[in-house]
Structures are given as structure tokens and as C-alpha cells.
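Structure first, commentary second.
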Amino acid sequence: RPKGTVAGRGSALAAAFLDQLRTLARTYDVLVLPYADPDVVALVRAGMTGDLAAAVYRGRAVASRVLQLPTSTVDPASTLITSVAFPPGGLLDDATLKELRSLGYDSAVLSTTGITTTSSSPLGAIPVALGSHSMPALVSDASLVPDIGSFVYSGVPDDWAERVGLLAALLAQQHFDGTGSPMVLVPERDWSPDRNGFELITSLLRTLGNAGVVTGSSLTELASTVAHTPATARLHYPSSAQRTELSPGYLSSLQAIERRIAVLGSALAAGDGPEGADPADILAPLQDAMLPAVSATLRGASDPDALPLQTVTATLDSLYNGVQIRRSGGSYTLASSRAPLLLTVQNTLPYQVTVGISILGGGRAGLTTDDPGHIEVAAGPRTKPIKIPAEVSRSGTFTVFAQLRGPDGETWGPPVPLIIASRAYGVLTLVLMLVAGGVLLFLLSADMVMQRDSGFRATEKERADAERTENDISIFPLAIPLRAGPGAMTTMVLLRGRAGDD
């Protein structure tokens, strides 16, 4: 019992209810639905076949555990039917039927609106096309179903005696004429039968059964009558049914949550020692909470499964926030072209975590980094320093981002900005500066030669002018970079008089 809770007062009644349910389940066939009755066509359309499979297997496991019966279809002691699909509304498309078949279903209960056939009144078991093969469909409609349904759901009408007599006569006539057809009676998903009307119909069927007029048959036996026979019908999924499905946007948001759970499942591990916390204790309930979120009962809701999903999202946020990149300062200074980035990964979760780090935006800044690989941090609170080899090809101040990632490469939280101040010059930069300096030196030498040549041809007046201005000085920067130490530069300056003296 969880700490801080008290025993409820209904446990004895609940146990008695389950005992009665188990007794009935051992006597009558039980059709097992996928857990939470998912919107199967919408899931397949959204590519969420994994969720469909999980719901199918979970539904079988829960039925077996609660009813204490095996789920094997070949076990004679089991009354659980796990091979007959019963989709919401009795409607399927080809892709969903194929997916259900891969999960162990070999027939399906469908509505008359869910098939197209040459027969005007399809009854009982009909083989429907599935690729180049066929699959039995148990069609839940017959000429007598409306009358029976009116009793079951609406209660005993005023003219009940006349209607019951007519129903009995029709069934008896079909029996004596040999024209009887299989009749599948399917209740509504949320059925709540009228007690008196239900007892009246079951009493009638029991009486006719004792007289040999009608005979009960299981769904699996009925499906076997048309197994491996050529198809006479095709599935029909009306556009109106697609409009009632769970919306693609809603299912996409569920997939995003499931991806976040999967990333944590691959990144977190139990701590060392027998007392180490196991992340499965929190991740498994989160994953289980996603199955009811795809239930067909949520169709038409403006905000499906809002409160449970908010709880799941808040829990995931707290887990992701427990592992972060911690910055020791506001900026990083790189004094040479090859200098590592020093980061710290902080883990405050009670689980061991495996993550990775990638640097984003380094290409624009001339920064390249090596992948540090998988980083393991012990159960927290714990920190681990990380050294990421880096090479910079230009100087300046720029911003890059450190992105924490899961072991599979999925992003883990928002990127962390890093301000890089580089005082280093890469090889390319130095080559360009030396070439520029060489060009300037060449131009300066050419200018000096030209000026001296002009001086020889100058007139007396020009010589006199030159003498009057011989004290004037011109400054010519050569702009040749000379390395005098890490990160330092020296620029040579040439002083020259107007007469050409340097």
C-alpha cells in the first residue's frame, strides 16, 4: 500500500464483483478489445502502429490477468476471443485490416456501411477482399436486429406481445423452411440495456433455443464457415468516418511526447548498487498513460485527455531539466588556433545518464569541433567536466550554441549559447596577411624608385622647393605582421622625407 493512503471500504464488494465476472467469463465467450478501445484507423493513418500493437497486447494481458484465463486461441480451457477484431463503428480500411491481421486477428465484426457487396442484404459471415486473399467479416445486421434492439435499449413497448409473437414466428418460419441465416447481434459501444426488455428477449431466445428453432454459435465458429473462400465483398470506409477520427494534429502531439519518453528510456539507467533508483519506475507509467489518450471515446473532444497529458508533459519537463550544460562564465577565450572548449554536464536526477554534446553555429565563426562521444554521468547530484577539442580559423568574438543530445541524437532541452573570444589566427589568415604585406612592400619599393628617378630630372626650382621642405616627413605603414608572442602582432612603419631620405 502506498505510504499515506488508507484502505477503501469497497474492497469486499469489488472482490465479489470480480468473482461473479470470472464465473461468467468461464461460461460464455468474451470478446477481448485492445486496451482503451483505440481509434485504430486513425492510428494506422498517422503511422502509430506501435501504439496499436501495444494496445492490443495490453488488452489481452489485462483480460487474462483480471479474468484469470489463458489467452491462447488453441487452449480449450479459455473462453477469451482474441482473434476477432471489433473496430469502433464497425468500420475499417484496407491498411488497418492488414495491420490487425499481423497482430493475430483473422476476422472482424463490421457494420453493413463498412462493406460493399453484390448482395442487397448481407447477413452473417461474408468473405471480404484483403489484397489477393480474403478475410471473414461478421456483419452485424439482419432484418430482425431492429426489433431486438428496440427491446434491449428502449424497454418493453406497449405492443410487446404482438411484436414478440411476430419475431418468434419469423424465426420459426426460417427454421422450418430451411432459409435461416446467421444473425450477429452487436451491442453499442456504450450500451446500457433496459433490464425488462433485455430479460424479455433473452427469455424468448432461450425458449426458441430449447425448441431447436435457434442455435447459438461463437464468433470464431461463424467466421470459420467462410474462411479461405473467395471474396464477395470489399471494405468501405466512408469519408464521414474519417472526419470523426482523432485529429492528425492531436496524434502528432502524442507522437512528440512519446519520442521524449523514448529518449529518456535510452539515456537513463539505474544507479549503482542495490538501492539505485530505476528509471523504469517512472517511465513505464508515463508510457502507459499514453494508451488511453488514443481511445476512440475521445472523438469529438475539443481538448482530448487534457489533464493526463499535462501531467505527463510536466513530469517529462522535470526529468529533462535534471540534466543540463552548466556554464562556468559568460565567455570563453581561445588564445591559439587549437584550444579546447571546457563545459560541465550537471545531473541532478537519481539515475545514471548518457548524453552527447554538439556545437551549433561554429561554421559561420570558423570554429570546428570534435564529437566528444557518449558522456556518462553518475546518478546525481553529480557534475562532470567535458573537454571538446576545437580549432578556430579567425579571430574575433562570436556566439555558438552547445546542444545536449540523447544517445540516439535527439535534442535534449534548448541549446545553450556560448560566447567565444578568439585571439588566434589560423593559417589561412596569416597567409593572406603576409601576401598583403608583400604586395605593399613591392608597391612601396616601386614608388621609391620612381621618386628617386624623378629627382634626377628635377629642375633647379624643384630642387630649391625640395630644400625648403626637406624637413617634412611622410609616414608609410608597411603593415607586415610579425609574431612577437601568443596573440600579439607588430607593425613596421617607414618614415621618409620628401627628398626621398628614409
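The values are calculated or read from the model by the stated rules, or taken from the named source; none is laboratory data. These figures come from a predicted structure and were not determined experimentally. Here Cβ is always computed from backbone atoms with ideal geometry, including for glycine, and neighbour counts include all displayed protein chains. Please note that ligands, DNA and RNA were not included when accessible areas were found on the heavy atoms of the full protein model with its side chains. Shrake-Rupley method; radii C 1.70, N 1.55, O 1.52, S 1.80 Å.
Each row is one residue, and each column tells you yes or no for (1) within 30 Å of V353 (Cα to Cα); (2) among the aliphatic types (A, V, I, L, M).
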position	(1), (2)
G178	no, no
P187	no, no
S192	no, no
L204	no, yes
S224	no, no
D272	yes, no
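If L319 passes every condition in (1) open to solvent by 60 Å² or more (accessible area, probe 1.4 Å); (2) outside any loop (DSSP other than H, G, I, E, B); (3) at pLDDT 90 or above but one, which one does it miss?
All conditions pass for L319, except number (1).
Quick one: in the stretch 336-390, which of the residues that are in contact with a Pro (Cβ under 6 Å, 6 or more places away or on another chain) and among the hydroxyl-bearing types (S, T, Y) is most open to solvent (accessible area, probe 1.4 Å)?
Looking at residues that are in contact with a Pro (Cβ under 6 Å, 6 or more places away or on another chain) and among the hydroxyl-bearing types (S, T, Y), I get T348.
Taking S83 as the residue in question, decide whether it is among the small types (G, A, S), surrounded by 12 or more Cβ atoms within 10 Å (Cβ to Cβ) and in contact with an Asp or Glu (Cβ under 6 Å, 6 or more places away or on another chain). Talk me through it step by step, then tell me what you get.
Numbers: among the small types (G, A, S): yes; surrounded by 12 or more Cβ atoms within 10 Å (Cβ to Cβ): yes; in contact with an Asp or Glu (Cβ under 6 Å, 6 or more places away or on another chain): yes.
Here the answer is yes, as S83 does meet what is asked.
Applying the selection to the stretch 218-243, what residues are among the polar types (S, T, N, Q), surrounded by 15 or more Cβ atoms within 10 Å (Cβ to Cβ) and outside any helix (DSSP H, G or I)?
The one that is among the polar types (S, T, N, Q), surrounded by 15 or more Cβ atoms within 10 Å (Cβ to Cβ) and outside any helix (DSSP H, G or I): T232.
Looking only at the stretch 272-294, which residues are in contact (Cβ under 8 Å) with a residue 40 or more places away in the chain, in contact with a Pro (Cβ under 6 Å, 6 or more places away or on another chain) and among the small types (G, A, S)?
If the condition is that a residue be in contact (Cβ under 8 Å) with a residue 40 or more places away in the chain, in contact with a Pro (Cβ under 6 Å, 6 or more places away or on another chain) and among the small types (G, A, S), then A277 is the only one that fits.
Pairs please, first residue from the stretch 402-415 and more than 16 Å from S318 (Cα to Cα) and at pLDDT 90 or above, second anywhere and open to solvent by 60 Å² or more (accessible area, probe 1.4 Å) and among the aromatic types (F, W, Y), Cβ atoms under 7 Å, 6+ apart in sequence or on different chains.
P415/F401
Of the residues that sit in the stretch 188-210 and are surrounded by 12 or more Cβ atoms within 10 Å (Cβ to Cβ) and in a loop (DSSP other than H, G, I, E, B), which one is farthest from the chain's Cα centre (by Cα)?
In this case the residue turns out to be D194.
Go through the stretch 267-282 and give me each residue that's under 22 Å from the mean Cα position of the chain (by Cα) and open to solvent by less than 60 Å² (accessible area, probe 1.4 Å). Please lay out each step first, then the result.
First, pick out the residues of the stretch 267-282 that are under 22 Å from the mean Cα position of the chain (by Cα): 267-269, 279-282.
Passing the criteria: A267, L268, A269, P279, A280, I282.
Can you list the helices (runs of 4 or more DSSP H) lying wholly within the stretch 3-79 that have 3 or more residues being open to solvent by less than 40 Å² (accessible area, probe 1.4 Å)? Show your work before the answer.
Working: elements: 11-27, 40-45, 49-67.
So the answer is 40-45, 49-67.
Any residue in the stretch 169-189 that's at pLDDT below 75: show its pairings with residues that are surrounded by 12 or more Cβ atoms within 10 Å (Cβ to Cβ) at Cβ separation under 6 Å, as long as the two are six or more apart or on different chains.
The qualifying pairs are G180/Q174; S181/L123; S181/G124.
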